[in-house]
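All of the numbers you see were taken from the coordinates with simple rules; none came from a lab. Predicted model, so just to flag it, every value in this text is computed and none were measured. All Cβ positions, even for glycine, are placed from backbone atoms using ideal geometry, and neighbour counts span all protein chains on display.
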Amino acid sequence: MPRLRFPEFREAGAWEVKRLGEVCEINPSTGDLPDNFIYIDLESVVAGQLVKKQKISKEGAPSRAQRVLESGDVIYQTVRPYQKNNYLFDLSDGNRYVASTGYAQFRAHDSENFLFQLIHTDSLINKVLSRCTGSNYPAINSSDLSKIQVVVPRTDEQQKIAHCLSSLDEVIGLQAKKVQALK
C-alpha cells in the first residue's frame, strides 16, 4: 500500500498483489513479420526514448527480430535491466515496428502507462535483478519475469497515477532540454 494516495482513492481499499504475468500478457503471439519494418534492437532505446530507427526487410532481418509491436505495447530490456532502456510503443507513423528478443514484450491488461511506470520502480527492478543470471550481462527470461509479484490498484487509480507520473516525466524532459540549450 502506498503511503500517499489521491483523495478520491483513499477509501478505495488495498492494492492487489499479482504476478506480472497477471497484469500483462508477456510476449503475445504476434504472427508473421511484415515485409519491411523498423527494427528496434538493444541500442535503439535509451532512457525510454527511441533514439535509432533502422528500416530493414523481412529477408534481411536478424533472427532476433521477432516481437511485432502494436500501439500500447511496452518493451522491457531483459539484458542489463538496471539500465531502464524500456519503451512504451505509441508510434503511428505508418511504419510497422519489430523489436529484438532482447526485449520482453508486455501487453497491459489495464493501463499501459501505469505498467510502463511500474517497471521503472526500484522495487520491481530489485526483484528482477535478484532473478537475473550472468554477471557481465545479467539477464532474465520471460518465464521468470512473469512470476515477479507486483502490487497494483484498480484500473481507474492506475490511470490517474500514470497520468500524473507521465505529466511529471514531460516536465522533466522539457527542463532537461532547456538546460541543454542553456549549456
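Here are the numbers for this structure:
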item	result
Loop sites in the stretch 1-89: GluC sites (Glu not before Pro), DSSP, at most 10 other Cβ within 10 Å	Glu11, Glu59
Pairwise centroid distance, computed over Cα atoms, of the stretch 120-182 with the stretch 58-76, Å	21 Å
Rounded FRET efficiency, nearest 0.05, which uses the C-beta distance separating Asp90 from Ser57 and R0 of 30 Å	0.75
Tail beyond 22 Å, pair distance distribution of the stretch 98-183 (Cα, percent)	43 percent
Positive dipole terminus of the chain, leading residue within Ser135, Gly31, Gln158 (C-beta point charges)	Ser135
FRET efficiency for Ser135 and Asp41, using Cβ-Cβ distance with R0 set to 25 Å, rounded to 0.05	0.65
With 5 Å bins from 0: P(r) over the chain, alpha-carbon pairs, percent	1, 7, 15, 19, 18, 16, 12, 7, 3, 1, 0, 0
Rg and Dmax of the stretch 2-91, Cα atoms only, in Å	17.3, 56
Check: the stretch 17-153 dipole with +1 on Lys, Arg Cβ and -1 on Asp, Glu Cβ, in debye	400 debye
Fraction of antiparallel bridges per DSSP, the stretch 9-139 only, in percent to nearest 5	85 percent
